[in-house]
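Notes follow once the structure below has been shown.
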Amino acid sequence: MIKDSAKILVVEDEQHIALGLKLHLEKEGHVVILAKDGLEGLEKWRSSRPDLVVLDIMMPKVDGLKVLEQIREHSPKIPILILSARDSTFDKVKALRSGVDDYLAKPFDAEELLLRIDRLLLKKKWEEDATLVQENAEETERSVEINSRLINFNNAQLFGVTGEITQLTDQEIKLLKVFIDHPNTALSRKDLLRKAWGYQEEIETRTLDNFIVRFRKYFETNPKKPEIFKSLRSIGYMFVSDEKDKN
C-alpha cells in the first residue's frame, strides 16, 4: 500500500458516491478534492494540480471522456482512473484510447478501488524516481561546448574563451538544456516555456526574450548578428549547433 499522502481529485456527480470515496481515501491519508461535474472538474484540476484523478463518464456540463482528453493534452503522465456505470467493452476501449490508465465499473468494491489507486500512485512514483535518477546522472556526466565556451552542468558554470567563469542560474540551465536537446530545431515560445520551466497555459512574457539576449552575450561572437541563437519570425527560436558534446 502507498503510505505517502497524495492529492486526489474525484470528479463525480452522484453525491453519495463522491462522499463515500472521500471518506475511504481520507482514511488512507490522502487529500481529496471533489468536483460535481466535468466543468468544475477541469477548473479544480487546473487550480489544484492533483497527483491522481478519479473520473466518472456520465456527468453534466462536460462528460468524463472530454475531461480526460483535455487533461491528457496538458498532463500526459498524471494517473487517471475512470469509475463508471458504463461497463461495455466498447466504452472501456474508447476510454483507453483516450488515455485513461485504469477503468473500474460501478458498482465497485471499495477495497479493490483503493488497491487500484495505490498501484497507480506507486507506478507514478517509480516513474518519477527513474526520471530523477536519469536527470541527475546526465547532469553529473555531461558538459557541452558551444562556440568554444564550455558549460559544466555539474556546477552550472560557463567557461569563456579567455577563461572567465560565469555562474549560470537554474532557469538558464533549464532553458539551455532544452535548446541543446533540440539542436537545429524550430522551437515555439510556447514549447520553450513549457519544456524549460513547466508553464502549461498560454502566457505573455518578455522573460524568454531576456534570456535569449543573455545567451547571445555568453555564446555569440557578435551578439548583434546572432548565428547560434536565432530568432524565427512568427515562430520562436532555433539553436544552431554542430553538436560538439563532450562527456
### Message
Run lengths n ≥ 4 of DSSP H only: what is the helix-derived mean residue ellipticity at 222 nm for the chain, with -39500 (n - 2.57) per run over all residues, to the nearest 500?
### Response
-14500 deg cm²/dmol
### Query
If each of ASP209 and GLU14 carries a label point 7 Å out from its Cα toward its Cβ, how far apart are those two points in nm?
5.4 nm
### Task
Just subtract the alpha-carbon distance of LYS77 and GLU164 from 0.36 nm times their residue separation and send over the number in nm, one decimal.
27.2 nm
### Message
Which entries of LYS22/LYS106; LYS92/LYS125; LYS92/LYS190; LYS36/LYS190; LYS27/LYS66 have Cα-Cα distances beyond 28 Å here?
### Response
LYS92/LYS190; LYS36/LYS190; LYS27/LYS66
### Message
Please return the longest range in the chain lying between exposed loop sites, taking trypsin sites (Lys or Arg not before Pro), DSSP loop only, at most 12 other beta-carbon atoms within 10 Å, and leaving the sites out.
### Response
78-205
### Message
As a test, work out the antiparallel percent of DSSP beta bridges whose residues both lie in the chain, rounded to the nearest 5.
### Response
55 percent
### Task
Quick one: of LYS61/LYS123; LYS174/LYS230; LYS44/LYS123, which pairs are farther than 21 Å apart, Cα to Cα?
LYS61/LYS123; LYS44/LYS123
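Take the eigenvalues of the Cα gyration tensor for the chain, scale each by 5, and report the square roots as semi-axes in whole Å, largest first.
The answer is 45, 20, 15 Å, longest axis first.
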## Note on the structure
So the pair-distance distribution of the stretch 26-122, from every Cα-Cα distance in 10 Å bins, comes to percents of 15, 52, 31, 1
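Each value in this text was obtained by applying a stated rule to the coordinates, not by laboratory testing. Every value quoted in this text rests on a predicted model; they were computed, and no experiment measured them. Note: ideal-geometry Cβ built from the backbone for every residue, glycine included; neighbour counts use all protein chains shown.
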